[in-house]
Amino acid sequence: MGLRNRRGPATGRTASGAGALGVGAQVVVRLDRVRYPDATAEDPSGVIVAAGELDGAALYAPVSGREAVWVVQFDEPFFGLDGSGPHASARVAQSSLEAAPEA
C-alpha cells in the first residue's frame, strides 16, 4: 500500500496523543476486532479527506461523547471484518485512527 504525502494543515490529535490528525493526514485505521477476533484482515491505511461530525455513528467503531469523526479515503478498496465492501472510504472515529508511519 502506498503512502500519500500530507496535503494540508493538521487540526486534531492521534488517539495516542502523538502527532496531529487533519485533512490530508495519512492514517491507519485500527479496526475493532472484538466481534471478529479471528479476522486476518490488515488494518487499512488511507488519507483523511474531510472532517466528520462531532457525534453520531462512525462506520468501524462506536463514538462515545463528542469524539471527532473523520472521512478516510482508503489507499486500496477495503473489505470490513464482517465481509462488507469493498469500501473506498468511511467515516471513522478519531480514537480508531493513528498517524501512518513515515515512508
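With the requirement that a residue be closer than 16 Å to Arg30 by Cα and not in a strand (DSSP E or B), what does the range 68-103 give you?
Ala68, Phe79, Gly80, Leu81, Asp82, Gln94, Ser95, Ser96, Ala100, Pro101
For Val23, indicate whether it is surrounded by 12 or more Cβ atoms within 10 Å (Cβ to Cβ) and either in a strand (DSSP E or B) or at pLDDT below 90 (or both). Don't jump to the end; show me each part of the working.
On the way: surrounded by 12 or more Cβ atoms within 10 Å (Cβ to Cβ): yes; either in a strand (DSSP E or B) or at pLDDT below 90 (or both): no.
For Val23, the condition - surrounded by 12 or more Cβ atoms within 10 Å (Cβ to Cβ) and either in a strand (DSSP E or B) or at pLDDT below 90 (or both) - is not met.
Quick check on the range 39-54. Is at least one of its residues crowded, with 18+ Cβ neighbours inside 10 Å, within 17 Å of Gly22 (Cα to Cα) and modelled with pLDDT under 95? Quick ask: steps written out before the conclusion?
So the first thing to find is which residues in the range 39-54 are crowded, with 18+ Cβ neighbours inside 10 Å, and the list is 44-48, 52.
With the extra rule that they be within 17 Å of Gly22 (Cα to Cα), the set shrinks to 45-48, 52.
Cutting the leftovers down to modelled with pLDDT under 95 gives us 52.
There is at least one residue in the range 39-54 that is crowded, with 18+ Cβ neighbours inside 10 Å, within 17 Å of Gly22 (Cα to Cα) and modelled with pLDDT under 95.
Sort out which residues of the range 64-91 are at positive phi and in contact (Cβ under 8 Å) with a residue 60 or more places away in the chain, and write them in order of number. Quick ask: steps written out before the conclusion?
Start the filter on the range 64-91 by keeping residues that are at positive phi, which leaves 65, 83, 85.
Result: no residue meets the conditions.
The values are calculated or read from the model by the stated rules, or taken from the named source; none is laboratory data. The shown structure was predicted, so the numbers you read here are calculated from the model rather than taken from an experiment. Every residue, glycine as well, gets a Cβ built from its backbone with ideal geometry; the counts of neighbours run over all protein chains shown.
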